[in-house]
Amino acid sequence: MVREAGRVGYRNQFEEPELPASKITLSSKPVSPHKSFSNPDFKAKAAHVTDRFQYVDMWLRQSGDDGKAALVYWRQAANFYRANLAVDELAKPLTSYYCILNMVKALLVSKGQNMARIQHGVSGYSIGTKTALSNEIVKFKFSGVLPYLSRFFEEPVSGIDECNLLDLLYNLPHIHRAYCMTIPSRKNKELYIPLKDCGFYRVDGTSECFFRGYLTSGWSIQRTGRKLPAGFEFDPTTEDGVLAVRRKKRFRWEGRSETVKLENLGNYHKKLRRKVYQIHDAPGQWYLKRDAAGGISEGLVEKNPTVIAFAAMHRLSELSRYDPDKLSRHFNNRYGWLLSEFLMRTLDQVLDDLASEITGSEVK
C-alpha cells in the first residue's frame, strides 16, 4: 500500500512501510513521560493529593537524613506560599521568589547537596531608559543555588550567560499562550507544540522503542512540518490518518531483567525531558519545545523551565525591593497582564514540578 506524498505515511512512495508499534507497559500500566526528570518511578501509581506541600512534607520525614534536613526549607517555602496569597502584585515577586528559592533548596538538600550559606547564584540589572522587559537583564552566575539547580538538570553552567526578561518569559510553557497573546512581535512564533496521548512504543516483533505523541486539534502537517525540533519527525506508522510525532532515537526493551529495561528507559527519558515539558493545569498533555532546527532564531533559552522561572522571578523581586516605582510602570505597560499571569501561575507550576522531582512520584 502506498500513501500520498505529503501526508502522514511513508516518507516517500518508494519506501517499504514501517512496522506498527504498541505501547510498552509496567505492572500492566502503559508507560508515559514522567514529571520527574532525575528519578522517575515508572512503576508506582500516581499520588493524587489535595495539598502538595503536606504530601512532600510527609515524604521527606520518611526518607532519611537528607529528607529530614530538607524539611526546614520545604516548610519555609510553604510559609511563603501562604503569605503570597495575601499581598498585592508589587510585593508578590518577593514572597514568590523566596518560596521558589526554598523549594529549590529543599530539592537539592534532599538529593544530598549542602545549602548552608550558599548564595543565590543570580543577579540582575537594567539597561537603557525605557521601561521594557527587554531592558531587564538577568545574569546567571557560576556558583550558588541557581547554578546548582542547572547542574541538577544536567545543563552546562558557564557563569557568563545573560538573558532579558522578554526572552525568559517566552520560554515558559505554563504562560506561553498568554505571552503570545500579549507580545505582538511573537504572536505567530509559538515555541511549543502540544502533544496528547504520549507514551513509549515498541516496534512490533522487535526490542526497539521510541517516544510518540499525538498532535492536538489545530495542528496539521502544513502547520507543524517545519517546526519540529532536531531529533523529531512525523510518525508514519499511525493509522486512520492520525497525526503523531516521534523521537528518532530509540532504546531497547528486551530480556528478562526489569532492572536493565528501566535503566534503558530512564536514560532515554532523561534526554527526552530536555525537550518535552508539562503544565500542571493541563493534565495529559506535554509540550514539545522547538529550536533552531524548528525555525526559532530569536529568543530561545536552552534551560529547564524551573531554572528560567527562578531567574525571572529573581529579577522581579529585585525590582520589588529596590525600584518598586519601575515595577509599577512594568505592570502599567501593555504587557502588565502577562506579568500578572506569571505571578499568579508560577508558584503552582514550580510546586507541581518539584513535588514530583523530590519524591519521584507522579504527584497530581
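The values are calculated or read from the model by the stated rules, or taken from the named source; none is laboratory data. Keep in mind it's a predicted model, so treat the numbers as computed, not measured. Methodologically, a virtual Cβ is constructed for each residue, glycine included, from the backbone with ideal geometry; neighbour enumeration extends over all protein chains shown. When the accessible area is computed, the model is the full protein with side chains, heavy atoms only, and any ligands, DNA or RNA have been set aside. Shrake-Rupley method; radii C 1.70, N 1.55, O 1.52, S 1.80 Å.
Table for the structure above
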| read-out | value |
| --- | --- |
| Residue within region 117-128 that is closer than 30 Å to residue 186 by Cβ, crowded, with 16+ Cβ neighbours inside 10 Å and more than 24 Å from the chain's Cα centre (by Cα) present | yes |
| Unmet requirement for residue 344, which otherwise passes all of (1) of a type in the set (A, V, I, L, M); (2) without any contact (Cβ under 8 Å) to a residue 40 or more places away in the chain; (3) over 21 Å from residue 93 (Cβ atoms) | (3) |
| Out of 173, 194, sole residue that is surrounded by 18 or more Cβ atoms within 10 Å (Cβ to Cβ), closer than 30 Å to residue 20 by Cβ and modelled with pLDDT of 95 or more | 194 |
| Hey, residue 136 farther than 20 Å from residue 354 by Cβ and of a type outside the set (S, T, N, Q) or not | yes |
| Residue 45, sole failed condition from (1) farther than 30 Å from residue 240 by Cβ; (2) modelled with pLDDT under 90; (3) of a type outside the set (A, V, I, L, M, F, W, C); (4) over 25 Å from the mean Cα position of the chain (by Cα) | (4) |
| Verdict on residue 32 being open to solvent by less than 70 Å² (accessible area, probe 1.4 Å), modelled with pLDDT of 70 or more and in contact with an Asp or Glu (Cβ under 6 Å, 6 or more places away or on another chain) | no |
| Residue satisfying all of: in region 200-213; surrounded by fewer than 18 Cβ atoms within 10 Å (Cβ to Cβ) and not acidic (Asp, Glu); nearest to residue 279 (Cα to Cα) among these | 203 |
| Count of residues meeting criterion [touching a Ser or Thr at 6+ places or on another chain (Cβ under 8 Å) and either under 16 Å from residue 317 (Cβ atoms) or surrounded by 16 or more Cβ atoms within 10 Å (Cβ to Cβ) (or both)] in region 141-166 | 8 |
| Count of residues meeting criterion [open to solvent by 40 Å² or more (accessible area, probe 1.4 Å) and within 23 Å of the chain's Cα centre (by Cα)] in region 74-88 | 2 |
| Which numbered condition residue 189 misses (of (1) buried (at least 19 other Cβ atoms within 10 Å of the Cβ); (2) in a loop (DSSP other than H, G, I, E, B)) | (1) |
| Output for region 312-338, where each listed residue is open to solvent by 60 Å² or more (accessible area, probe 1.4 Å) and not in a helix (DSSP H, G or I) | 332, 334 |
| Near pairs, Cβ below 6 angstrom, 6+ apart or cross-chain, from region 81-103 (more than 17 Å from residue 121 (Cβ to Cβ) and touching a residue at least 12 places away in the same chain (Cβ under 8 Å)) to any residue that is outside any loop (DSSP other than H, G, I, E, B) and among the β-branched types (Val, Ile, Thr) | 83/95; 84/95 |
| Within region 351-364, tally of residues that are surrounded by fewer than 24 Cβ atoms within 10 Å (Cβ to Cβ) and either of a type in the set (Val, Ile, Thr) or in contact with a His (Cβ under 6 Å, 6 or more places away or on another chain) (or both) | 2 |
| Boolean, residue 138 is β-branched (Val, Ile, Thr), in contact (Cβ under 8 Å) with a residue 40 or more places away in the chain, open to solvent by less than 80 Å² (accessible area, probe 1.4 Å) and in contact with a Cys (Cβ under 9 Å, 6 or more places away or on another chain) | yes |
